[in-house]
Each structure stands twice: as structure tokens, then as C-alpha cells.
Amino acid sequence: MMAVIITVIILSVIAYLIGSLSSAIIVCKFLNLPDPRTQGSMNPGTTNVLRIGGKIPALVTLSGDILKGFLPVLVGHLVGISGFFLGLIAISAFLGHLFPLFFNFQGGKGVATALGVFLALSPIVGIAVIICWILVAAIFRYSSLAALVAAILAPILMLVFADMGYFLPTLAITAMLFWRHLGNIQRLRAGTEGKINF
């Protein structure tokens, strides 16, 4: 048991450090685009990179953010970590994105990284969450609303289709997603939230 705990601690630290690699900031620096923390919504995430840099930089950002949630959890799987302990590794990667060590703890809202985490914990749940996000975004054209609806769905699906040990970590990620989207929620209620331009 002690060996498992030590492994989880080591992998959680690595997951946090990987999560701290802000794809949005790195992509914008590499492509000589404005710092996403100072332009648009001031959020270093895919949607803001789409606004300030276009589709290709946004796609690269999205891929990077998904991978940094997916890979640490996958490694946990491969070394035999499961259940709640694997969920702790997932939370660590997510927290790295929210509070990146390498970028003054100024991170994004975590939607893409959460998606990567969910895909690694349970591909079925991850795919279902993606479908939910696409449907809500296509119908209402609000990225934030799509993220919030998908986030609500995630812990419920984990409880039904995946290891019950994933439920509490997924619920914690959902709670943090809502916390990071409080401003978006206020704008949605006021009717001032920006829509996705497909």
C-alpha cells in the first residue's frame, strides 16, 4: 500500500507539472501572437486563442490542453493505479492547468484539460462529454454553456459507466470548472456572453 501511495504522490507531482505547461501561452509565444492573458477574454485557453489567433493556433492549443490531461492519467493506468488514487492524479493535472507553476499561476479555465482527464479515466464518458459539448455549442453557440452542461454530465456518467472511485475526483473537477466560469455564468444570465463564430 505504501508503494502505491508513493507512486501516486510522484505521478501527481509530475501531472501537476505537465498541467502547468500552458498550451495557449506557449503557442502564442511561438507564433508571435499576443499573450492571451492580456488580450480578448484575458484567459489562456482555446476559445481566446481562437479569437486572437485563428483556427490553427486554437486547434494546437486545444490538442495540447487535452493531452496534458490525458497523458498523466494514462501513465497512471499503465503502472496499475486505479479508482480514487487515479482520480487524484487527474485532479493534479487539472490543477496544473488552473494554477500553472511556470506562468505565475495564471491558468485557463480547464475545459480541454478536464476533457483529456475524462477521456483517460473512461473513454466512454469522455466521448459522451465531447458529444454533449458539441451539441450544446452547436445549438446555443456558447462555449461556456457547453462546457458547464458537459461538466454537470461528467460525474453522473462516471457513476453509471465507470469506476465509482472516479466520481468524487470528477465532481471536484466539475465544481472547479463552475468556479472558474462564474464570470461566464453572470454574462450568460445577463445575455452578454460572447458567442462562438463557427
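A few remarks follow.
- Flag if residue 63 is surrounded by fewer than 18 Cβ atoms within 10 Å (Cβ to Cβ), within 19 Å of the chain's Cα centre (by Cα) and at pLDDT 90 or above: yes
- If the condition is being more than 16 Å from residue 95 (Cβ to Cβ), among the aliphatic types (A, V, I, L, M) and in a helix (DSSP H, G or I), then region 163-198 contributes 164, 182, 185, 188, 190.
- Taking each residue of region 32-58 that is on the phi > 0 side of the Ramachandran plot and looking for partners that are modelled with pLDDT under 90 and surrounded by fewer than 20 Cβ atoms within 10 Å (Cβ to Cβ) with beta-carbon atoms closer than 7 Å, six or more apart or interchain, yields 40/51.
- Here 10, 81, 26 are screened, and the one residue that is farther than 17 Å from residue 143 by Cβ, assigned to a helix (DSSP H, G or I) and either without any contact (Cβ under 8 Å) to a residue 12 or more places away in the chain or touching a helix residue (DSSP H, G or I) at 6+ places or on another chain (Cβ under 7 Å) (or both) is 10.
- Boolean, residue 120 is surrounded by 18 or more Cβ atoms within 10 Å (Cβ to Cβ), free of Cβ contacts under 8 Å to residues at least 60 places away in the same chain and closer than 27 Å to residue 35 by Cα: no
Matching residues to (1) surrounded by fewer than 16 Cβ atoms within 10 Å (Cβ to Cβ); (2) under 18 Å from the mean Cα position of the chain (by Cα):
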| position | (1), (2) |
| --- | --- |
| 153 | no, yes |
| 160 | yes, no |
| 167 | no, yes |
| 174 | no, yes |
| 177 | no, yes |
| 180 | no, yes |
| 185 | yes, yes |
| 190 | yes, no |
| 197 | yes, no |
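- Enumeration of residues in region 159-198 that are of a type in the set (A, V, I, L, M, F, W, C), farther than 28 Å from residue 123 by Cβ and free of Cβ contacts under 8 Å to residues at least 40 places away in the same chain: 182, 190
The values are calculated or read from the model by the stated rules, or taken from the named source; none is laboratory data. Source: prediction; values computed, not measured. Note: ideal-geometry Cβ built from the backbone for every residue, glycine included; neighbour counts use all protein chains shown.
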